[in-house]
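Student: Just dropping this structure here.
The values are calculated or read from the model by the stated rules, or taken from the named source; none is laboratory data. Just so you know, these numbers come straight off a predicted model, no measurement behind them. Methodologically, a virtual Cβ is constructed for each residue, glycine included, from the backbone with ideal geometry; neighbour enumeration extends over all protein chains shown.
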Amino acid sequence: MNSLSLFLKKNKKQKKDTTYAATKSLTDENGKPLLWTIRPITSKIHDQIREDCMIETPVRGKNTVRTKFDSTKYIAKVISACVVEPNLYSKELQDSYGVMTPEDLVREMVDDPGEYMAFSAFVNQLCGLDESMNDKVEEAKN
């Protein structure tokens, strides 16, 4: 029988950081791709990112707005929120690439489209964003 005490925060398992070679174009002295430290985001941070990616645009000819979701911005924000190392908030790092935001920095550092999409897929899997709700329902049934 489950006890309420099992649900207390002190019993919650913490998700661990992991590493990932986001691009082959940044290497160590031996030519080995640098490993980035990646941490899964929380539901709260994910909700903030989704909200930030909703854009209201006026509907032409009408006195109303339409809400759209900016998926490009969303992907960059999720990746940026998960990256622990390198520090994407570092002014020195941003200045070296001529950008001013972590999202622009990650796109400059991982500028190969294939690598960027693979990095996005890795982050989505790490955060559990790669499964649909239907997949989760089916898994729970079995």
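Student: Out of the residues in segment 60-77 that are among the β-branched types (Val, Ile, Thr) and loosely packed, with under 10 Cβ neighbours inside 10 Å, state the one that is modelled with the lowest pLDDT. Spell out how you get there, then give the answer.
Tutor: Here is the first cut: in segment 60-77, the ones among the β-branched types (Val, Ile, Thr) are 64-65, 67, 72, 75.
Then keep just the ones that are loosely packed, with under 10 Cβ neighbours inside 10 Å; that gives 64, 67.
On the way: 64: 87, 67: 90.
Ranking the qualifying residues of segment 60-77, first place goes to 64.
Student: Search segment 90-120 for residues being free of Cβ contacts under 8 Å to residues at least 12 places away in the same chain, of a type in the set (A, V, I, L, M) and closer than 16 Å to residue 78 by Cβ, and hand back the single one that is surrounded by the fewest Cβ atoms within 10 Å (Cβ to Cβ).
Tutor: Among them, the one singled out is 117.
Student: Which residue, of 90, 120, 71, 80, is touching a Pro at 6+ places or on another chain (Cβ under 6 Å) and among the small types (Gly, Ala, Ser)? Talk me through it step by step, then tell me what you get.
Tutor: Values: 90 fails: touching a Pro at 6+ places or on another chain (Cβ under 6 Å); 120 fails: touching a Pro at 6+ places or on another chain (Cβ under 6 Å); 71 fails: touching a Pro at 6+ places or on another chain (Cβ under 6 Å).
From the options 90, 120, 71, 80, the qualifying one is 80.
Student: I'm told residue 87 meets every condition in (1) modelled with pLDDT of 95 or more; (2) touching a strand residue (DSSP E or B) at 6+ places or on another chain (Cβ under 8 Å) except one. Can you identify the failing condition by its number?
Tutor: (2)
Student: Identify, by number, the condition in (1) among the β-branched types (Val, Ile, Thr); (2) surrounded by 14 or more Cβ atoms within 10 Å (Cβ to Cβ); (3) outside any loop (DSSP other than H, G, I, E, B); (4) over 14 Å from the mean Cα position of the chain (by Cα) that residue 23 doesn't meet.
Tutor: (3)
Student: Please count how many residues of segment 60-75 are within 18 Å of residue 46 (Cα to Cα) and among the hydroxyl-bearing types (Ser, Thr, Tyr). Reasoning before the result, please.
Tutor: So in segment 60-75, the residues within 18 Å of residue 46 (Cα to Cα) come out as 68-75.
Now narrow it down to the ones that are among the hydroxyl-bearing types (Ser, Thr, Tyr): 71-72, 74.
Residues in segment 60-75 being within 18 Å of residue 46 (Cα to Cα) and among the hydroxyl-bearing types (Ser, Thr, Tyr): 3 in total.
Student: In segment 57-81, how many are hydrophobic (A, V, I, L, M, F, W, C) and either part of a helix (DSSP H, G or I) or touching a residue at least 24 places away in the same chain (Cβ under 8 Å) (or both)?
Tutor: Restricting attention to segment 57-81, the residues satisfying the condition of being hydrophobic (A, V, I, L, M, F, W, C) are 59, 65, 69, 75-76, 78-79, 81.
Imposing the further condition that a residue be either part of a helix (DSSP H, G or I) or touching a residue at least 24 places away in the same chain (Cβ under 8 Å) (or both) reduces the set to 75-76, 78-79, 81.
Qualifying residue count for the region: 5.
Student: Is it the case that segment 95-110 has a residue that's part of a helix (DSSP H, G or I) and modelled with pLDDT under 95? Walk me through it before giving the result.
Tutor: Of the residues in segment 95-110, the ones part of a helix (DSSP H, G or I) are 95-97, 102-109.
From what is left, the residues that are modelled with pLDDT under 95 are none.
So far as segment 95-110 goes, no, none of its residues is part of a helix (DSSP H, G or I) and modelled with pLDDT under 95.
Student: Can you tell me which residue is surrounded by the fewest Cβ atoms within 10 Å (Cβ to Cβ) among those in segment 26-45 that are in contact with a Leu (Cβ under 8 Å, 6 or more places away or on another chain) and not hydrophobic (A, V, I, L, M, F, W, C)?
Tutor: Pass one, segment 26-45, residues in contact with a Leu (Cβ under 8 Å, 6 or more places away or on another chain): 26-28, 33-34, 38, 40.
Narrowing further to those that are not hydrophobic (A, V, I, L, M, F, W, C): 27-28, 33, 40.
Values: 27: 12, 28: 9, 33: 15, 40: 19.
Per the criteria, the residue is 28.
Student: Further, regarding this structure: Could you count how many residues in segment 26-56 are touching a residue at least 40 places away in the same chain (Cβ under 8 Å) and part of a helix (DSSP H, G or I)?
Tutor: Residues in segment 26-56 being touching a residue at least 40 places away in the same chain (Cβ under 8 Å) and part of a helix (DSSP H, G or I): 1 in total.
Student: Continuing with the same structure: Condition test on residue 52, is it surrounded by fewer than 16 Cβ atoms within 10 Å (Cβ to Cβ) and touching a Cys at 6+ places or on another chain (Cβ under 7 Å)?
Tutor: Values: surrounded by fewer than 16 Cβ atoms within 10 Å (Cβ to Cβ): yes; touching a Cys at 6+ places or on another chain (Cβ under 7 Å): no.
No.
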